[in-house]
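Student: My questions all concern the structure below.
Read the figures in this text as sums done on the coordinates, not as results from a lab. Computed from a prediction, not measured in an experiment: that's the story for all the values here. Positions of Cβ are generated from backbone atoms using ideal geometry, with glycine treated the same way; all protein chains shown enter the neighbour counts.
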Amino acid sequence: MKHNLRPGQKLGIEIYPGPTPQLQHRHIDVEPRDLTLFLATAAIEKSASDVLAIDIGDVSTFASYFLILTASNTRLLHSLVDELRDRARDEYGLHVRVEGERSEEWVLLDFGSLIVHCFSAEAREFYQLERLWSDAARIELPTPSEIQPH
C-alpha cells in the first residue's frame with residue numbers, strides 16, 4: 001500500500017473493527033503527524049525511553065512517519081503496545097495491525113501512514129533504525145517534564 005500523505009491531508013486507513021476479520025475502509029479524521037505526536041506523548045507518559053519521531057515521507061513510499069521507542073523490560077514493552085493501541089482506539093476509533101505481538105524484542109504497530117516500532121534496548125541497538133533512516137527529518141517531541149499526566 002503506497003502512502004503519499006503530506007501535511008494537511010487526512011489519514012485513510014484499513015481497519016479491523018474487532019474480532020471479526022472483515023476489512024472496512026473508512027476515513028479517519030486525524031492527520032498522520034498529529035497521530036504521531038499523540039502516540040509519542042502517550043509513550044513518554046508510559047515511561048518509554050529514547051522516543052523518536054521521524055518524518056520518512058520524503059524518503060519512503062510505504063509510510064509517512066516512524067515512531068521509535070525503547071522499553072526497559074519485556075513487561076513495559078507489552079504494556080506500551082497495549083497503551084498505544086488503546087489510546088488510538090479510544091481517541092480516534094483506530095484499530096491497528098500488530099506484528100510480533102509475542103516478541104520480547106520488537107513489536108510493530110502499523111497505522112498505515114504511521115508505523116510504531118517498540119523495541120527492547122538490545123534490539124534497538126542491533127537494528128539501528130535511526131541510522132537506516134538518517135536522511136529523514138526528526139520531529140521535535142515534548143520532554144517528560146513538559147507532559148501533563150493522562
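Student: Taking the Cα centre of segment 30-141 as the origin, how large is its charge dipole in debye, to the nearest 20, when only Lys and Arg (+1) and Asp and Glu (-1) carry charge on their Cβ atoms?
Tutor: With Lys and Arg at +1 and Asp and Glu at -1, about 140 debye.
Student: Could you rank the peptides 94-102, 111-119, 30-38 by their average count of other C-beta atoms within 10 Å per residue, with the highest value first?
Tutor: Top of the packing list down: 111-119, 30-38, 94-102.
Student: Starting from the Cα gyration tensor of segment 111-150, take the square roots of the eigenvalues, sort them a ≥ b ≥ c, and report rounded, prolate or oblate (rounded when a/c is under 1.5, otherwise prolate if a/b is larger than b/c, else oblate).
Tutor: It is prolate, given that a/c is not under 1.5 and a/b is the larger ratio.
Student: At a 10 Å Cβ-Cβ cut-off, how would you order GLU104, GLU122, GLU83, GLU140, fewest neighbours first?
Tutor: Listing GLU104, GLU122, GLU83, GLU140 from fewest to most nearby Cβ atoms yields GLU140, GLU122, GLU104, GLU83.
Student: Right, next: Relative contact order for segment 30-141: what percent, with Cα pairs under 8 Å and sequence separation of 6 or more?
Tutor: Averaging sequence separation for qualifying contacts and normalising by length gives 31 percent for segment 30-141.
Student: Let me ask something additional. Please list, by residue number, everything in segment 84-124 whose backbone N is under 13 Å from a paramagnetic label point 7 Å out along Cα→Cβ of SER72.
Tutor: 121
Student: Hey, another quick one. So what is Rg over Rh here for segment 30-141, counting just Cα atoms and using Kirkwood for Rh?
Tutor: Over the Cα atoms of segment 30-141, Rg/Rh equals 0.92.
Student: Counting Lys and Arg as +1 and Asp and Glu as -1, what is the net charge of the other residues whose Cβ lies under 11 Å from the Cβ of ILE115?
Tutor: Summing Lys and Arg as +1 and Asp and Glu as -1 gives -1.
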